[in-house]
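The next block holds one structure in the form of structure tokens; read it before the comments.
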Amino acid sequence: MVGTKTRHSKKIRWCVLHDPQSQKFSPIYIDGFAGAGVHIRKATKELVPGSPLNALKVEPPFEEHYWIDLDESKVAALKLHTAGMKHVHIYGGDANNILLNEVFPKIKFENFERALCILDPYGLHLDWEVIETAAKMGTIEIFLNFPMLDMNRNVLLWEPTNASPDDVKRMTALWKDESWRDIAYSTSGNLFGWPEKQPNEVIAEAFRERLQKVAGFRYVPQPVPMKNSRSAILYYLFFAAQKETAENIVVDILKKYSREGLL
């Protein structure tokens, strides 16, 4: 997950906001689950810059950065990496609360401020209200890593009653309501009316439709399934925006990376 973000973050994130007709906009970068800023590559043990540090290298630059993480040690590492950078604002705590109450209100439409928000939760730790608020503001485009692996491990079990109440609650918070149950399970495939889990792509497509019809994003291209070395889907990479230009740019870039075998 982290490696993929690191590889293509610089080009995608700036292209989304920096089209020739948007020169007067003030571009802002938001990372709701920023991590420590660097990661260790498993194969070589080398340190690799993460998405927030890569975002600092984008040219032309983002004017402001807002990075959030719940882990105090990761927050401390982020502050160490950005000491003296007054345009980088780092928050420790629950990303849902901080985004809604402290960061999103700063992105004002009337001030020609526009933001790209990266939502890469460590699991089912993202609330629908964050997504819907971003859509309704009209100033924020999002990349979202839809945590399919966590869902399958903890909520979307073959026997749905085995899921813990806490995990079910987290799933409902991400989906907004319990309609995910009707999407994730079907009773029409057997003679006994037992609920059967639906394929990952069915669930991902239903969420894509919710981003448009419920949240209110006008443009949500097909998500990209990101897999591990055993071809198991870890998450789906979603992009959501209000401008067709942004969608076209992102789709072209993702196709390029797919052809090169980087996705």
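The values are calculated or read from the model by the stated rules, or taken from the named source; none is laboratory data. Keep in mind that this is a model prediction, so the values were computed, not measured. As a convention, Cβ positions derive from the backbone with ideal geometry for all residues, glycine included, and neighbour counts pool all protein chains shown. Ligands, DNA and RNA are excluded from the accessible area calculation, which covers all protein heavy atoms including side chains. Shrake-Rupley method; radii C 1.70, N 1.55, O 1.52, S 1.80 Å.
Can you say whether A204 is touching a residue at least 40 places away in the same chain (Cβ under 8 Å), outside any helix (DSSP H, G or I) and either small (G, A, S) or touching a Phe, Trp or Tyr at 6+ places or on another chain (Cβ under 9 Å) (or both), as far as the supplied structure shows?
Details: touching a residue at least 40 places away in the same chain (Cβ under 8 Å): yes; outside any helix (DSSP H, G or I): no; either small (G, A, S) or touching a Phe, Trp or Tyr at 6+ places or on another chain (Cβ under 9 Å) (or both): yes.
Taking the combined requirement at face value, the residue does not satisfy it.
Can you report the number of residues in segment 203-220 which are farther than 19 Å from K243 by Cβ and among the aliphatic types (A, V, I, L, M)?
Narrowing segment 203-220 to residues farther than 19 Å from K243 by Cβ: 203-207, 209-210, 214.
Okay, now just the ones that are also among the aliphatic types (A, V, I, L, M), so 203-204, 206, 214.
Total satisfying the criteria: 4.
Specify the residue that is surrounded by the fewest Cβ atoms within 10 Å (Cβ to Cβ); the eligible residues are those in segment 228-250 that are among the polar types (S, T, N, Q) and free of Cβ contacts under 8 Å to residues at least 12 places away in the same chain.
Checked segment 228-250; the qualifying residue surrounded by the fewest Cβ atoms within 10 Å (Cβ to Cβ) is S229.
Enumerate the helices (runs of 4 or more DSSP H) found wholly within segment 33-102, keeping only those where 2 or more residues are of a type in the set (G, A, S), closer than 21 Å to A134 by Cβ and under 19 Å from the mean Cα position of the chain (by Cα).
On the way: elements: 51-55, 72-81, 95-98.
Qualifying helices (runs of 4 or more DSSP H): 51-55.
Can you pull out the residues in segment 162-178 that are free of Cβ contacts under 8 Å to residues at least 24 places away in the same chain and of a type in the set (A, V, I, L, M, F, W, C)?
Looking only at segment 162-178, we keep the residues that are free of Cβ contacts under 8 Å to residues at least 24 places away in the same chain, and these are 162-166, 168-169, 172, 177-178.
Matches in segment 162-178: A163, V168.
Which ones in segment 154-170 are modelled with pLDDT of 95 or more, in a helix (DSSP H, G or I) and surrounded by fewer than 21 Cβ atoms within 10 Å (Cβ to Cβ)?
Correct list: N154, P165, D166, D167, V168, K169.
Output the residues belonging to segment 211-227 that are closer than 19 Å to D120 by Cβ and open to solvent by less than 40 Å² (accessible area, probe 1.4 Å).
L211, A215, F217, V220, P221, P223, V224, M226
Any idea which of (1) more than 16 Å from the chain's Cα centre (by Cα); (2) more than 24 Å from I249 (Cα to Cα) is the one L149 doesn't satisfy?
Among (1) more than 16 Å from the chain's Cα centre (by Cα); (2) more than 24 Å from I249 (Cα to Cα), the lone unmet condition for L149 is (1).
Could you tell me whether any residue of segment 16-30 is of a type in the set (D, E, K, R) and modelled with pLDDT of 95 or more?
To start, the set of residues in segment 16-30 that are of a type in the set (D, E, K, R) comprises 19, 24.
Narrowing the set further to residues that are modelled with pLDDT of 95 or more leaves none.
Within segment 16-30, not a single residue is of a type in the set (D, E, K, R) and modelled with pLDDT of 95 or more.
Select from segment 98-129 the residues that are under 14 Å from P27 (Cα atoms), open to solvent by 10 Å² or more (accessible area, probe 1.4 Å), of a type outside the set (S, T, N, Q) and out of contact with any Leu (no Cβ under 6 Å at 6 or more places or on another chain) and list them in ascending order.
Passing the criteria: K106, K108, F109, E110, F112, E113.
Would you call V202 under 14 Å from F146 (Cβ atoms), in contact with a Leu (Cβ under 6 Å, 6 or more places away or on another chain), at pLDDT 95 or above and of a type in the set (V, I, T)?
Numbers: under 14 Å from F146 (Cβ atoms): yes; in contact with a Leu (Cβ under 6 Å, 6 or more places away or on another chain): no; at pLDDT 95 or above: yes; of a type in the set (V, I, T): yes.
So V202 fails the test.
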